[in-house]
Amino acid sequence: MSLIQIRKRSLTVETIYHEGGPVADRPLKLAAACAVIRNPYAGRYEPDLMPFMAELRSLGTSLATELVETLGRDQVEVYSKAAIVGVNGEMEHGAVWHEAGGWAMRAVLGEPKAIVPAAKAVAATGYRLMVPLHYIHAAYVRSHFNSMEVGIQDAPRPDEILFALVMGTGGRVHARLGGLTKEQVSVHDGQR
């Protein structure tokens, strides 16, 4: 029997034209793909979470593919991942998403080098989580430090987990604070 039983999925797309300044030549699009699943370990301690983490790769691939189809693979410049675990679970039930969700995004995007940032929480139904974003090829590209809110009004229920992947088409619309730019990335080590 599969450890992944999906109750619902959602796809949210934000299009940002400006942040109070001039309208951008190219609007920024941020998208979050979420899946709410039954937590197979709710209410009990499970010492071996590795089979769950391995099986979650397929869910990660599905969510990452949906985001790429929505935004366009060659348009994606930022990414992140998140998990909200219902109150009958534990933080480690969300931490399985670090490998599964991150691996899936890297595979679908052609193996970008930058670490995939993340946020996770154990929380009540309806909790919203701010997810950090950054450039997919180098973590220190300041113009691409951003965030997007994820969550679903009726999730996660106490025995569920909400897993999310987030991608976007660029940096902040009015970024003007200096630092390393995406054009200056030269080391190709995932940092600079």
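Taking K113, is it among the charged types (D, E, K, R), farther than 24 Å from I16 by Cα and at pLDDT below 95?
Values: among the charged types (D, E, K, R): yes; farther than 24 Å from I16 by Cα: yes; at pLDDT below 95: yes.
So K113 passes the test.
Quick one: count up the residues across the range 134-152 that are part of a strand (DSSP E or B) and out of contact with any His (no Cβ under 6 Å at 6 or more places or on another chain). Outline the logic, then answer.
Keep residues of the range 134-152 that are part of a strand (DSSP E or B), which gives 134-135, 138, 141, 146-150.
Next cut, out of contact with any His (no Cβ under 6 Å at 6 or more places or on another chain) only: 138, 141, 146-150.
Summing the residues that are part of a strand (DSSP E or B) and out of contact with any His (no Cβ under 6 Å at 6 or more places or on another chain) in the range 134-152 gives 7.
Conditions (1) under 30 Å from R176 (Cα atoms); (2) touching a residue at least 24 places away in the same chain (Cβ under 8 Å), marked per residue:
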position	(1), (2)
M1	no, no
I16	yes, yes
E19	yes, yes
E46	no, no
E55	no, yes
S58	no, yes
A64	yes, yes
L67	yes, yes
S80	yes, yes
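Of the residues P40, P132, which single one is in contact (Cβ under 8 Å) with a residue 24 or more places away in the chain and under 28 Å from L180 (Cα atoms)?
Values: P40 fails: under 28 Å from L180 (Cα atoms).
Selected residue: P132, the only one of P40, P132 that is in contact (Cβ under 8 Å) with a residue 24 or more places away in the chain and under 28 Å from L180 (Cα atoms).
Scan A31, A64, A35 and give me the residue that is under 17 Å from G168 (Cα atoms), surrounded by 15 or more Cβ atoms within 10 Å (Cβ to Cβ) and touching a Ser or Thr at 6+ places or on another chain (Cβ under 9 Å).
A31
Considering the range 153-169 alone, what residues qualify as being outside any strand (DSSP E or B) and either open to solvent by 20 Å² or more (accessible area, probe 1.4 Å) or under 14 Å from V96 (Cβ atoms) (or both)? Spell out how you get there, then give the answer.
From the range 153-169, those outside any strand (DSSP E or B) are 153-159, 169; that's our starting set.
Selection gives Q153, D154, R157, P158, D159.
Quick check on my filter: what residues within the range 38-61 are open to solvent by 70 Å² or more (accessible area, probe 1.4 Å), within 23 Å of P158 (Cα to Cα) and hydroxyl-bearing (S, T, Y)?
Residue satisfying the conditions is Y45 alone.
Table: residues versus (1) in a strand (DSSP E or B); (2) open to solvent by 50 Å² or more (accessible area, probe 1.4 Å).
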site: Y79; (1), (2): yes, no
site: A83; (1), (2): yes, no
site: N88; (1), (2): no, yes
site: G94; (1), (2): no, no
site: W97; (1), (2): no, no
site: G101; (1), (2): no, no
site: P112; (1), (2): no, no
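Quick check on my filter: what residues within the range 120-133 are assigned to a strand (DSSP E or B) and either of a type in the set (V, I, T) or open to solvent by 20 Å² or more (accessible area, probe 1.4 Å) (or both)? Can you show your working first?
Of the residues in the range 120-133, the ones assigned to a strand (DSSP E or B) are 120-122, 129-133.
Residues satisfying the conditions are K120, V122, M130, V131, P132.
Which of the residues that make up the range 1-29 are under 26 Å from H93 (Cα atoms) and in contact with a Gly (Cβ under 7 Å, 6 or more places away or on another chain)?
Across the range 1-29, there are no qualifying residues.
The values are calculated or read from the model by the stated rules, or taken from the named source; none is laboratory data. Just so you know, these numbers come straight off a predicted model, no measurement behind them. Glycine also receives a Cβ, built like all others from the backbone with ideal geometry; neighbour counts cover every protein chain displayed. Surface areas here come from the heavy atoms of the whole protein model, side chains and all, with no ligands, DNA or RNA. Shrake-Rupley method; radii C 1.70, N 1.55, O 1.52, S 1.80 Å.
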